[in-house]
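Right, one structure below, let's go through it.
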Amino acid sequence: MSGLKKLAGQTAIYGLSSIVGRLLNYLLVPIYTAIFVNTADYGVVSELYAYVAFFIVFLTFGMETTFFRFIHLKEDKESVYNNAFLSIASLNVLFLLVLFIFHSSISSAMLYADHPEYVILLGCIVVIDAVTSLPLAKLRAEDKAKKFALVQLSSIFTNIFLNLLFLFVFFDPAVDDASKGVLYIFVANLISSLVKPLLLWKSFTKIYFKFDVELVKEMLVYALPIVIAGFAGIINEVLDRILLKQLLNNATLVPSSFHGSPLRYAESQVGIYSASYKLAMLVTIFLQAFRYAAEPFFFAHAKTDSDRKIYGRVMNYLVAALALCFLTVTLNIDFFKHFISNSVYYEGLKVVPILLLGNIFLGVYMNQSIWYKLSGQTKFGAYISIVGAMCTVTLLYVLIPKFGYIAAAWTTMSVYAGQMVASYLLGKKYYPIHYNLRKTGFYFILSLLLYFVAQIIHFESNTTKYVFNNALILIFVALVWMIEKPMRK
């Protein structure tokens, strides 16, 4: 159990930077929704950051996971790090050249022909983040969780400070055009991203410009399916916001009650959906912290069959934690909704339970996916993600014009559930890991039952409702504790 204790400890440290960072960014949501009274303006910010998610997957090119894999396979760990970094750096330099040459055409395709500066700023942000991903991965591999947290938190605090400075000192929503506020947000992000390479400068000085061609080829072969899987996976995560704008930008879909152009209506729907999506981020926060700690941990425990048993135990705890997050947010939605300071966004709250369930399925899938990374059969990860991406694109194209952003939420949940089942069945065949389906299934079903009980029973007093709902959460925690307590022995 010492391995599990170490994993829990590192998850806590990585979680500090991840959870605190995300919670601080949560504080930006009420600021953005208060400043951008028009939901369309917040939709612009949300949609552009969706593009960032796409580019970061491509520009890191799966080298974080590849780095963890190869430092356990090769004796010369410095050579692995050096060649992985040079590969990413070369790709990002090429990306910047293409971006600066064709930024006008790219901006027009994204429906931002009047603001090409948005695209250039976001391109620079994503390049900085991609280039610093390997030095940060090296810190994780060396168990330097505290330094990792320091770097991440420094960047996050800088971003928060600059957002507050720019939006409250230099921007006046009553006078200035909203586009100026959007620009300030991206400038703040760019400066805060630069904090990371400044704090990691020693890692860059150790890079020597010498390619090991054979090693790079071997790493790229391993990384390519991961990139495809990651790119396909990000489609299900953020494509909904991009397609909401593209597909709802149609005059026939604009309700008569909306006063504005079809493009502004589409951006408005993106803004409402994105604000509610933020409330489902609690599960995502935990998953990010878990992934940072779990990936190097799982690779380090891949030597014997007995080590595999720990993966099943981790799954028990993970599902229980995710179910607890689901209950905490959904049963206290009247509290969490106040992170959105403008009630005009509240119409989107109905998607929160759906998205939280989707993130539970995603968390289980992420934990299961270690089987194809450990066995070197990363092609299966690509297959699952590609099929999932195809389903996502198809469902979004068919359903968004009919049902709007609610279709995006159901699509997300359905595809994640399908990927989870597919990964389990393939892993059972090619890299068997014993999961206690009875126990994990009980945790999941129990959380759903408690959620539906809270929805069925109505109280006139909000205080009574609050006490009752949180009593249900305590019941869940108590049952999990009773079941898992023998494992501590």
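The values are calculated or read from the model by the stated rules, or taken from the named source; none is laboratory data. Not measured: the values here are computed from a predicted model. A quick note on method: Cβ atoms are made from the backbone with ideal geometry, for glycine too, and the neighbour counts reach across all protein chains shown.
Taking only pairs six or more apart or across chains, which ones have beta-carbon atoms under 6 Å, a first residue in region 448-472 that is assigned to a loop (DSSP other than H, G, I, E, B), and a second residue that is at pLDDT 90 or above?
PHE459/LYS465
Might you check whether a residue that is aliphatic (A, V, I, L, M), surrounded by 11 or more Cβ atoms within 10 Å (Cβ to Cβ) and within 17 Å of LEU356 (Cα to Cα) occurs anywhere in region 462-470?
As a first pass, look at region 462-470 and keep what is aliphatic (A, V, I, L, M): 467.
From what is left, the residues that are surrounded by 11 or more Cβ atoms within 10 Å (Cβ to Cβ) are 467.
Within this subset, residues satisfying the condition of being within 17 Å of LEU356 (Cα to Cα) are none.
Looking for residues that are aliphatic (A, V, I, L, M), surrounded by 11 or more Cβ atoms within 10 Å (Cβ to Cβ) and within 17 Å of LEU356 (Cα to Cα), one finds none in region 462-470, hence no.
For residues that are of a type in the set (Phe, Trp, Tyr), at pLDDT 85 or above and assigned to a helix (DSSP H, G or I), tally how many sit in region 23-52.
Initial filter on region 23-52 (of a type in the set (Phe, Trp, Tyr)): 26, 32, 36, 42, 49, 51.
From what's left, at pLDDT 85 or above: 32, 36, 42, 49, 51.
Adding the requirement that they be assigned to a helix (DSSP H, G or I) leaves 32, 42, 49, 51.
Residues that pass the stated criteria total 4.
I'd like to verify a number: residues in region 313-333 that are among the β-branched types (Val, Ile, Thr) and in contact with an Asp or Glu (Cβ under 9 Å, 6 or more places away or on another chain), how many?
0
Quick test of your reading of the structure: PHE95 fulfils all but one of (1) farther than 15 Å from PHE231 by Cβ; (2) touching a residue at least 24 places away in the same chain (Cβ under 8 Å). Name the failing condition by number.
With respect to (1) farther than 15 Å from PHE231 by Cβ; (2) touching a residue at least 24 places away in the same chain (Cβ under 8 Å), PHE95 is out only on (1).
Test PHE361 against the criterion of being more than 28 Å from LEU224 (Cβ to Cβ), part of a helix (DSSP H, G or I), within 17 Å of the chain's Cα centre (by Cα) and in contact (Cβ under 8 Å) with a residue 12 or more places away in the chain, and give yes or no. Please lay out each step first, then the result.
On the way: more than 28 Å from LEU224 (Cβ to Cβ): no; part of a helix (DSSP H, G or I): yes; within 17 Å of the chain's Cα centre (by Cα): yes; in contact (Cβ under 8 Å) with a residue 12 or more places away in the chain: yes.
Here the answer is no, as PHE361 does not meet what is asked.
Any residue in region 35-56 that's farther than 24 Å from ALA229 by Cβ: show its pairings with residues that are surrounded by fewer than 17 Cβ atoms within 10 Å (Cβ to Cβ) at Cβ separation under 7 Å, as long as the two are six or more apart or on different chains.
So the pair list comes out as ILE35/PRO173; THR39/VAL344.
From the list ASP143, ASP129, which residue is crowded, with 18+ Cβ neighbours inside 10 Å and under 30 Å from PHE290 (Cβ atoms)?
ASP129
Name the one entry in LEU243, LEU224, LEU220 that is within 26 Å of the chain's Cα centre (by Cα) and either on the phi > 0 side of the Ramachandran plot or modelled with pLDDT of 90 or more (or both).
Sole residue among the options that is within 26 Å of the chain's Cα centre (by Cα) and either on the phi > 0 side of the Ramachandran plot or modelled with pLDDT of 90 or more (or both): LEU243.
Would you check which residues across region 217-229 are buried (at least 16 other Cβ atoms within 10 Å of the Cβ) and of a type in the set (Val, Ile, Thr) and list them?
Result: ILE226, VAL227, ILE228.
Among the residues of region 399-411, is there at least one that is among the aromatic types (Phe, Trp, Tyr) and either surrounded by 19 or more Cβ atoms within 10 Å (Cβ to Cβ) or over 22 Å from GLY348 (Cα atoms) (or both)?
Of all residues in region 399-411, those among the aromatic types (Phe, Trp, Tyr) come to 403, 405, 410.
With the extra rule that they be either surrounded by 19 or more Cβ atoms within 10 Å (Cβ to Cβ) or over 22 Å from GLY348 (Cα atoms) (or both), the set shrinks to 405.
The answer is yes; a qualifying residue exists.
Before we move on, is THR158 polar (S, T, N, Q) and in contact with a Ser or Thr (Cβ under 6 Å, 6 or more places away or on another chain)?
yes
To keep it simple, each residue is scored yes or no on (1) within 21 Å of ALA232 (Cβ to Cβ); (2) at pLDDT 85 or above.
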{"position": "THR65", "(1), (2)": "yes, no"}
{"position": "PHE70", "(1), (2)": "no, no"}
{"position": "LYS77", "(1), (2)": "no, no"}
{"position": "PHE85", "(1), (2)": "no, yes"}
{"position": "SER90", "(1), (2)": "no, yes"}
{"position": "VAL98", "(1), (2)": "no, yes"}
{"position": "SER104", "(1), (2)": "no, yes"}
{"position": "GLU117", "(1), (2)": "no, yes"}
